[in-house]
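Colleague: Let me give you the structure first, and then I'll get to my questions.
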């Protein structure tokens, strides 16, 4: 029995390494590009739903000030005007034992790709102003040509600019609430007023889908560790680029070694999961699962046993599930705890 638990724990450890090793991806859902009077373009990427507005969630001045302070220590007075650069601001641990993340500025020369957009329904040309791009965060980027332009931006009243941009975006019906992401172009005037020049909804990844998965888990019931394998069918529903809720049906084979024999108990589970995050790359999933023992072997469980669990998804590959086992209507209740690995 001990060897089998060690093997299951080994699988758990390997999948944990895979799950935590991946870096956070950038995402582009709703995009608002603000063309500034000084020839720069500020690009905001977020889920814009009329409540999650720019004025409350985009701190341009603080992010830009922090970048310029760190940039000053590099003593780079200007960038080569004949080239284009991509500058990224990130943070990561230099060594795993360090408590705090280190701030990192990376500079990469890139090919100049100037795109001019000509919407078919209007006689206008839309262009991102600035050959260089600084990614201040996954939700904010600034296109610019000279470092002096970035310093000039620090003098703008972004509190008023973002409020005016929100008012302009929300003024015309509810196009921003459609299920597909949008791109909006806003022109900012010298007096901080904003004009919505153009907007269009784009095709998004389909989050309404049927997902077939399998996995393994390690579970403690009545002080005994058990391993299991399961298959699951999930009906997932979402909005824009974000998956929001899911309904699942799964079948699980739980291996019970408590009696010295290899007993396999069969469970059928119904589940509901909801994502409380607004960021497609930072899911915040919670779920409620109800299971029924359809085939009993051994003495670990009583006949007609049920279990009710609350599932918290730690990341893409790992969930933890505290559970309660019971018979009939919450008779003979006792706790259980499960660690699930999603393959």
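Throughout, read-outs are computed from the coordinates displayed, never taken from laboratory work. Just so you know, these numbers come straight off a predicted model, no measurement behind them. For neighbour counting, all protein chains shown are included, and Cβ atoms are generated from backbone atoms with ideal geometry for every residue, glycine included.
Colleague: I want to verify the translational diffusion coefficient of the stretch 30-201 in µm²/s; compute it with Stokes-Einstein, Rh as the Kirkwood radius over Cα pairs, at 10 °C and 1.306 mPa s.
Modeller: Estimated via Stokes-Einstein, D reaches 92 µm²/s.
Colleague: Return the FRET efficiency for the residue pair residue 114, residue 90: r is the Cβ-Cβ distance, R0 is 30 Å, and the value is rounded to the nearest 0.05.
Modeller: 0.70
Colleague: At 7 Å along the Cα-to-beta-carbon direction for both residue 127 and residue 290, put a label point, then send me their distance in nm to one decimal.
Modeller: So the label points at residue 127 and residue 290 sit 6.2 nm apart.
Colleague: Further, regarding this structure: Stretched out fully, how many nm does the piece from residue 75 to residue 193 gain, at 0.36 nm a residue minus the Cα gap?
Modeller: 39.0 nm
Colleague: In addition: Expressed as a whole number of Å, what is the distance separating the alpha-carbon centroids of the stretch 47-62 and the stretch 120-198?
Modeller: 12 Å
Colleague: What list do you get for 231, 31 if you sort them by fewest beta carbons within 10 Å?
Modeller: Ranking 231, 31 by Cβ neighbours within 10 Å, fewest first, gives 231, 31.
Colleague: Give, as ranges by residue number, the residues of the stretch 40-83 whose backbone N falls under 15 Å from the point 7 Å along Cα→Cβ of residue 177.
Modeller: It comes to 48-53, nothing else.
Colleague: I would also like to ask the following. Please arrange 42, 314, 76, 87 by counting, for each residue, the other beta carbons lying within 10 Å of its beta carbon, fewest first.
Modeller: If I rank by nearby Cβ atoms, fewest first, I get 76, 314, 87, 42.
Colleague: With each label point set 7 Å from Cα along the Cα-Cβ vector, what nm distance links residue 62 and residue 268?
Modeller: Rounded to a tenth, the inter-label distance reads 5.2 nm.
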